[in-house]
Amino acid sequence: MKRRLALLFVFLFAATSATPARAEDGGLKLPPFKKVKLQNGLTVMLMEQHEVPIISFNFIIKAGAVADPPGKEGLASLTAGLLRKGTRSRSADQMASELDFVGGTMDAAADYDYSNGFAEFVKKDIGKGLDLFSDALLNAAFPPEEVTKMLKQRADAIKAAKDQPRAVINNYFNAYLYGNHPYARPDNGDERSLAAITRDDVLKFYQSYYAPGAAILAVVGDFNTAEMERMLADKFGAWSGKATAAASVPEAVPFAGKKLLLIDKPDATQTFYQIGNVGITRTNPDRIYVQVINTLFGGRFTSMLNSALRIQSGLTYGARSSFTQRLAAGPFAISTFTPNATTEKAMDMTLDVLKRLHEKGITEEELKSAKSYLKGQFPPTIETSDQLAALLTQLEFYGLDESDVNNYYAKIDSMTMNDATRVIKQYFPMDNLVFVLIGKASDIQEVAKKYAPKVDAKSINQPGF
Amino acid sequence: MKPFVKAITACLVMLVFAAFAAEARAQAFDVKTQTLKNGLKILVQEDHSIPNATMYIFYRIGSRNERPGTTGLSHFFEHMMFNGAKKYGPGEFDRVMEAAGGSNNAYTNNDVTVYQDWFPSATLDLIFDLEADRIQNLSFDPKIIESERGVVANERRLSVDNSTFGTLYEQLSATAYTAHPYQWPVVGWMVDIQNWKMEDLKRHFEMGYSPSNATMVVCGDVSADNVFKLAEKYIAPIVSHTPPPPVTTQEPEQQGERRLVVKKFAQLPLLLIGYHVPQTASNEYYALQVLKTILFAGQSSRMYQRLVDKDQLAIAVDSNLEFAFDPTLFLVIAQPKAGVATTAVERAIYDELDKAKTQMVTDQEIAKAKNILLANFYREMKTISGRANTLGSYEVFFGDYRKLFDAAQEYNKVTQDDVRRVAGKYFGDMNRTVATLVPETGAEGQGAGAGEKK
């Protein structure tokens, strides 16, 4: 029963993290951390945080869903999910029992650009925790029955997700927006691709990509750095193997023109829709300026979109926009939902708000407000040990460093009204738009035709996205 | 902080942060308290690790204080609290707070309405000014009420109509309770949402929004002295009035299993089972939490092992037990696999519950549960928000925030026999309500999943 949908700042950092130290100038500094490269090539980062007796790990393997073989989408994610499901010396049950006994958490999944995992333990159990964590990562055995089990579970999970439009609209939007680009492919697979994956595929993926030279490990929490360094060297020093380099991600080009996909869900009482195009990369030099404009456009409660569609008209419970940042340009998407009968009104209003952004721009006062908001809301995103560990691995993966955090306030402050005008024109699509709607087709298919010369249709019960 | 998709679709909104073990006592945070003359109690926990602070205000009013015909009023009122007062007019609360670097939200449940502000600590004075204005001088503009009615109707469509869990959970509550107000949805029935009157809102405000009916928690980069000083300045002048009348209705003992079915367009069925259990402040709370942890927490839990791993009947199984003033439901949620009958899932769940009733859990399981509860406690304490919510919840639901620091001891006292006893007492067929969502693959409407029907 939340008053509002939490706005999702996907674009901030693909995640974020850490308990920041304050800087003299009122800015923030990432707390000090040590970065070492083990002899086997593993990059390790260590940051002490003593507030709560907890230690958090985060790792990245430099191959994600983009490395899935065609027709076997979901393989990277499945491989990551299976890491804790049995090793050379522990069954899945043993792993679960030992992990739960110390109140630990551990799991992994794949994003498009990389595979990513975490583990977290209470300080007193760190010896046991590190043993379990390193065993899963280094010695995963992928027992055949566990592979079969998880494949079935994941196929059913897709069916269950399709019963909730909000759980799947991103998948449909990515698939429709990106066409032949790998970002179109479902990162957790679909009904068909999961049926095609075998244990050999999993073994091959693991052997090809899980190697120290292609891995990044961060540990943050209540420990002594020298001691932790020794423990990590002990557990990960003997990790060997050479990684196959993951295929590079091709450049993503915005869709030219307009197209619309309508997914029929005949019981829907609301139309869920996304409108957008290809956005920006994680390393785009304008990314913080884009974030400032997006804050005003659809990134917070009083944004232009939410003001129009919710606060002033009551057409929805929440409207927002976001830029997801990746190696290649990730999606920019406006998302909201409205009753079937007000679909046209809400979509027209959405496009009007976008038009207004381009025609009227923003005011000095709004620019100031957005800057203040982003700065004020930033510290809690780097408050905890798990947030910090995730931030460290991502900065390393994208070739960034602590200046990304330490210069964040200064970069925000540097933005001018001229920058705002340029950024709106350059990064917010206007004439080239991709529309994806999930709703009751018999109610809204006529309305849908109004927005694009090309209208595609499918049913939510059809396999795939 | 709260991902868009997870907010409602992920079935389990866990309000239950209880946890711990021996170390938790040593880990007690230094909390300073003060009660204003008008009755508002304030808790402050200083933490200077980030230059931010958070303010949570708990009002002891929720859907249990409503009546048939105006269900959902507490939640609607929560929305109206953001729509303008005397000093800060319509839209100003959010505009001013965001321009100062702050953000806010709120939640309503059966028992309480909670307002949350997250802000740079330098803006504490402004936050007090904003809160005091709306507590004291909320305005009731008919036009804004109509617009907000639409927002809430859309929230209901989202979280109930277009969610298999939301639909089923609403029906489960409506069936499990026959007398007690926990029977109606927090968001309200659609027809009630459409029919609230201005007088209803005003009456609700007067009933629930007295300082004496609230607890304020401030955590983060503040000094307690300054918080108390500002509270004296902004909140103390607000006059208290009569708090809501006590809710006297008690749910009569259930005398036999209740079953219900919801037919809905869906690909997979869904199963919810509710058992009546005592309120949070009951002395059986801790034993129930230990039992819940043994049965449901982690992949080594009994239910996961049985339903997901061994018998492979479900893709997920979980439970929920929310803080509650009155006797509440212990909820079991299972997502059956495709092609598996919900009755088979039910049988496996009952079988595991029967084992807990007839055989002692092991020492190892008790120890594991305590470790998990302790680790969860630390996780909740990682953020200033988590601390504010947990301190406030303990103060409100246990009657004293210090119970939080006793929880470790309380859990340590729980024995195998206690666990078997509460299992036997509450997990019987006479005491359960079973809700099943039966998929319909779309007789009406076009293009409904050709070839995909099962």
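The values are calculated or read from the model by the stated rules, or taken from the named source; none is laboratory data. Computed from a prediction, not measured in an experiment: that's the story for all the values here. Here Cβ is always computed from backbone atoms with ideal geometry, including for glycine, and neighbour counts include all displayed protein chains.
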Query raised in the report: What do you reckon, is B:SER210 under 30 Å from B:THR123 (Cα atoms) and surrounded by 20 or more Cβ atoms within 10 Å (Cβ to Cβ)?
Result: yes
Report summary line: Note on segment B:371-383: residues crowded, with 24+ Cβ neighbours inside 10 Å and more than 7 Å from chain A (Cβ to nearest Cβ) are B:LEU373, B:PHE377
Query raised in the report: Do you know which residues across segment B:130-139 are surrounded by 17 or more Cβ atoms within 10 Å (Cβ to Cβ) and in a helix (DSSP H, G or I)?
Result: B:LEU130, B:GLU131, B:ALA132, B:ASP133, B:ARG134, B:ILE135, B:GLN136
**Report entry** Some residue of segment A:168-181 being away from every other protein chain (no Cβ under 14 Å) and without any contact (Cβ under 8 Å) to a residue 24 or more places away in the chain
**Finding:** yes
Report summary line: When segment B:98-129 is checked residue by residue, the ones that are more than 7 Å from chain A (Cβ to nearest Cβ) and β-branched (Val, Ile, Thr) are B:VAL112, B:THR113, B:VAL114, B:THR123, B:ILE127
**Report entry** Hey, B:VAL290 surrounded by 14 or more Cβ atoms within 10 Å (Cβ to Cβ), within 14 Å of chain A (Cβ to nearest Cβ), in contact (Cβ under 8 Å) with a residue 24 or more places away in the chain and within 20 Å of the chain's Cα centre (by Cα) or not
**Finding:** yes
**Report entry** Identity of the residue in segment B:47-72, away from chain A (no Cβ under 13 Å) and outside any loop (DSSP other than H, G, I, E, B), that ends up farthest from B:VAL152 (Cα to Cα)
**Finding:** B:MET55
Report task. Mind telling me which of the residues A:ASN277, A:ASN284, A:ASN306 ends up being in a helix (DSSP H, G or I), in the same structural domain as A:SER369 (by TED's automatic domain parsing) and out of contact with any helix residue (DSSP H, G or I) (no Cβ under 6 Å at 6 or more places or on another chain)? Result -> A:ASN306
Query raised in the report: So which strands (runs of 3 or more DSSP E) are wholly in segment A:1-77 and hold at least 2 residues that are modelled with pLDDT under 95 and in contact with a Lys or Arg (Cβ under 7 Å, 6 or more places away or on another chain)?
Result: none
Report task. Determine whether A:TYR317 is more than 30 Å from A:LYS204 (Cβ to Cβ) and either away from chain B (no Cβ under 14 Å) or in contact with a Gly (Cβ under 6 Å, 6 or more places away or on another chain) (or both). Result -> no
Query raised in the report: out of contact with any Pro (no Cβ under 8 Å at 6 or more places or on another chain), within 14 Å of another protein chain (Cβ to nearest Cβ), within 27 Å of A:VAL102 (Cβ to Cβ) and free of Cβ contacts under 8 Å to residues at least 12 places away in the same chain: does that describe B:LYS368?
Result: no
Report task. Determine if segment A:313-336 includes at least one residue that is in a helix (DSSP H, G or I), among the hydrophobic types (A, V, I, L, M, F, W, C), in contact (Cβ under 8 Å) with a residue 60 or more places away in the chain and more than 21 Å from A:PRO285 (Cα to Cα). Result -> no
Report task. Mind listing whichever residues of segment B:303-318 are facing another protein chain (nearest Cβ under 9 Å), assigned to a helix (DSSP H, G or I) and touching a strand residue (DSSP E or B) at 6+ places or on another chain (Cβ under 7 Å)? Result -> B:TYR304, B:VAL308
Query raised in the report: Out of B:ASP221, B:ASP141, B:ASP225, B:ASP161, which single residue is more than 14 Å from chain A (Cβ to nearest Cβ) and acidic (Asp, Glu)?
Result: B:ASP225
Requested in this report: Go through the residues of segment B:140-157 one by one and say whether even a single one is under 30 Å from A:VAL292 (Cα atoms), outside any helix (DSSP H, G or I) and touching a residue at least 60 places away in the same chain (Cβ under 8 Å).
Outcome: no
Query raised in the report: Can you pull out the residues in segment A:258-278 that are aliphatic (A, V, I, L, M) and under 11 Å from A:ILE460 (Cβ atoms)?
Result: A:LEU262, A:ILE263, A:ALA268
Report task. Evaluate segment A:141-164: report whether one residue or more is in contact (Cβ under 8 Å) with a residue 60 or more places away in the chain, away from chain B (no Cβ under 11 Å) and assigned to a strand (DSSP E or B). Result -> no
Requested in this report: With respect to B:LYS337, determine if the residue is at pLDDT 95 or above, surrounded by 22 or more Cβ atoms within 10 Å (Cβ to Cβ) and of a type in the set (Lys, Arg).
Outcome: yes
Query raised in the report: Here is a list of conditions, (1) part of a loop (DSSP other than H, G, I, E, B); (2) within 9 Å of another protein chain (Cβ to nearest Cβ); (3) under 30 Å from A:GLY27 (Cβ atoms); (4) in contact (Cβ under 8 Å) with a residue 24 or more places away in the chain, and B:ASN83 meets all of them except one; can you say which number that is?
Result: (3)
Query raised in the report: Of the residues that sit in segment B:57-103 and are within 28 Å of B:LEU43 (Cβ to Cβ) and among the hydroxyl-bearing types (Ser, Thr, Tyr), which one is nearest to the chain's Cα centre (by Cα)?
Result: B:SER63
Report task. Only residues that are farther than 19 Å from A:ALA410 by Cβ and surrounded by 23 or more Cβ atoms within 10 Å (Cβ to Cβ): list them for segment A:281-294, please. Result -> A:ARG282, A:ASN294
